[in-house]
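Reading through the structure tokens given below for one structure.
The values are calculated or read from the model by the stated rules, or taken from the named source; none is laboratory data. Quick caveat, the model's predicted, so the values are computed rather than measured. Please note: Cβ atoms are built from the backbone with ideal geometry, for glycine as well, and neighbour counts cover all protein chains shown. With ligands, DNA and RNA removed, areas are computed over all heavy atoms of the protein, side chains included. Shrake-Rupley method; radii C 1.70, N 1.55, O 1.52, S 1.80 Å.
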Amino acid sequence: METRKAYYDPPSTVPFIANILEIRPYNDMAALILDATVFYPEGGGQGGDRGTINGVPVLDVQEKDGEIFHIMAGVDGQKLKTGPAELILDRGRRRDFTVHHTAQHLLSGTILRMAGAPTVSMHLGDDTAHPCTIDVDTRELTTETLTAVEDAVADAIEENHPVIIHLCPPERVEDFPLRKVPPKGEEVIRVVEIQGNDFSPCCGTHAATTGEIGMLRILGAEKYKGMTRVSFIAGRRVLRDSRVLRRNAETVSRALSVPVAETGAGVSVLMEKATQLERKLKALEEDAALRRAEALLREAGLLDTSAAGEGRVLTECFADADMEEVLRIGRAAQGLCAAVLVLASQRDLKFAGLCAVKSVDIRPLLKEPMEKHSGKGGGGPSFFQGRFSTAEDLAAFLKSIPQTR
Ligand SMILES: [Zn+2]
């Protein structure tokens, strides 16, 4: 027996009474077959409804070979048995889908009319992490076009056009100027008309008038498989999204002391300042590193000598510098002498070996002592780095390196 599709009726606030005809195993769960249902089964890009049957949550609703399966975690026998049952629909979720589904028809119809681009597929996401999208057969939709589309949709919402469902036999379907090809093999085709805007064959649930959509926002358009994927939100999701954006904008506005409407320009100014400061900071850091390198080499007698330390090995452990700073000092020192430099950061328990002389390979000098003291690392002939897990190992490693090659 076919389940009566009461999900096309407007959702009611009172529980719906139907009969459980059959309970079947469904994968590791159970599926109920009812004589009538208010739960829409997943299909036509719209998710299945949720709610409860005799107080037990409905996990999913699927339609297969004309049968509607109400999927439940299991059947305890107390609450779920054949006979009359009380169905309560999650009306919030249904309303959200209904609003987005109707909004999608209006959006697809408007893009077709204004940009000549048909919608090839659509997806209704159930939250902001999975937004609602349509894939439109065009390589580009400009910002100007999208804004004009958004305004035209807003007009149609304000004009509150009725949404009319036509149930027609397949041979009469050509009476309607359909936006997309109707399904084959159906006894009755549901044509959804948004008066003055759009005709589309569709099995989903729809609002009674465009006014119920409330508002539609296009979030963006990106290239997708040779087409354009347009993402959008409608109804309450626009309100929730607006609240989040406003809250964020107010935080930025207060932080930058600019009006909310000027936060974009304010951030650009801030970013420009940050870039300049970064540049200045980098120059200062390089300068400081050069000074420390000079001091280190001077103390070791490696600065301003004719041989510039060729054949010498200089080890130094910096107690107050992190490895990033040590590397800056190393690179500066490398430019001033020909010695092998083995410089370490006490803080990070890391070291680097550097040498400016191309013919020198520093690996034999460092690899074996590093491994002997349980260090890990590697590198090439003129740059080698490693790390230790204790300060003692690092100290012992540095001590073990001969001061000449
Ligand atoms: Zn639809």
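Check segment 180-192 and report whether any residue there is within 15 Å of the ligand (Cβ to nearest atom) and farther than 18 Å from GLY43 by Cα.
Checked segment 180-192: no residue is within 15 Å of the ligand (Cβ to nearest atom) and farther than 18 Å from GLY43 by Cα.
Hey, any hits in segment 273-294 for a residue that's closer than 30 Å to VAL244 by Cβ, part of a helix (DSSP H, G or I) and among the basic types (Lys, Arg)?
Looking for residues that are closer than 30 Å to VAL244 by Cβ, part of a helix (DSSP H, G or I) and among the basic types (Lys, Arg), one finds at least one in segment 273-294, hence yes.
Would you point out the residue of segment 2-16, among those that are among the hydroxyl-bearing types (Ser, Thr, Tyr) and more than 16 Å from the ligand (Cβ to nearest atom), that is surrounded by the fewest Cβ atoms within 10 Å (Cβ to Cβ)?
THR13
May I ask you to list the residues in segment 328-363 that are aliphatic (A, V, I, L, M), in a helix (DSSP H, G or I) and out of contact with any strand residue (DSSP E or B) (no Cβ under 6 Å at 6 or more places or on another chain)?
ILE329, ALA332, listed by residue number.
For segment 245-261, what are the residues that are closer than 21 Å to ARG217 by Cα and either outside any helix (DSSP H, G or I) or open to solvent by 80 Å² or more (accessible area, probe 1.4 Å) (or both)?
LEU245, ARG246, ARG247, ASN248, ALA261
Can you pull out every residue in segment 216-232 that is open to solvent by less than 50 Å² (accessible area, probe 1.4 Å) and either within 13 Å of the ligand (Cβ to nearest atom) or in contact with a helix residue (DSSP H, G or I) (Cβ under 8 Å, 6 or more places away or on another chain) (or both)?
LEU216, ILE218, ALA221, VAL230, PHE232
Going by the conditions given, is GLY301 surrounded by fewer than 20 Cβ atoms within 10 Å (Cβ to Cβ), without any contact (Cβ under 8 Å) to a residue 12 or more places away in the chain and more than 26 Å from ALA283 (Cβ to Cβ)?
yes
Residues that are in a strand (DSSP E or B) and open to solvent by 40 Å² or more (accessible area, probe 1.4 Å): does segment 149-161 have at least one?
Within segment 149-161 (the criterion being in a strand (DSSP E or B) and open to solvent by 40 Å² or more (accessible area, probe 1.4 Å)), the answer is no, since none of the residues qualifies.
Just one of (1) under 19 Å from ARG113 (Cα atoms); (2) touching a Leu at 6+ places or on another chain (Cβ under 9 Å); (3) within 13 Å of the ligand (Cβ to nearest atom) trips up ILE213, so point out which.
Exception for ILE213: condition (1).
Only residues in segment 340-358 that are among the basic types (Lys, Arg) count as the first member; pair them with residues that are part of a loop (DSSP other than H, G, I, E, B), Cβ under 8 angstrom, at least 6 apart or cross-chain, and list the lot.
Filtered contacts from segment 340-358: ARG347/ALA319; ARG347/ASP320; ARG347/ALA321; ARG347/ASP322; LYS350/PHE388; LYS358/SER382.
Among the residues of segment 373-383, are any open to solvent by 70 Å² or more (accessible area, probe 1.4 Å) and either more than 47 Å from the chain's Cα centre (by Cα) or more than 26 Å from ASP287 (Cβ to Cβ) (or both)?
There is at least one residue in segment 373-383 that is open to solvent by 70 Å² or more (accessible area, probe 1.4 Å) and either more than 47 Å from the chain's Cα centre (by Cα) or more than 26 Å from ASP287 (Cβ to Cβ) (or both).
Any chance you could count how many residues in segment 200-210 are more than 9 Å from the ligand (Cβ to nearest atom) and either farther than 12 Å from TYR8 by Cα or over 31 Å from the mean Cα position of the chain (by Cα) (or both)?
So the count comes out to 3.
Of all residues in segment 17-43, how many are open to solvent by less than 10 Å² (accessible area, probe 1.4 Å) and among the polar types (S, T, N, Q)?
So the count comes out to 1.
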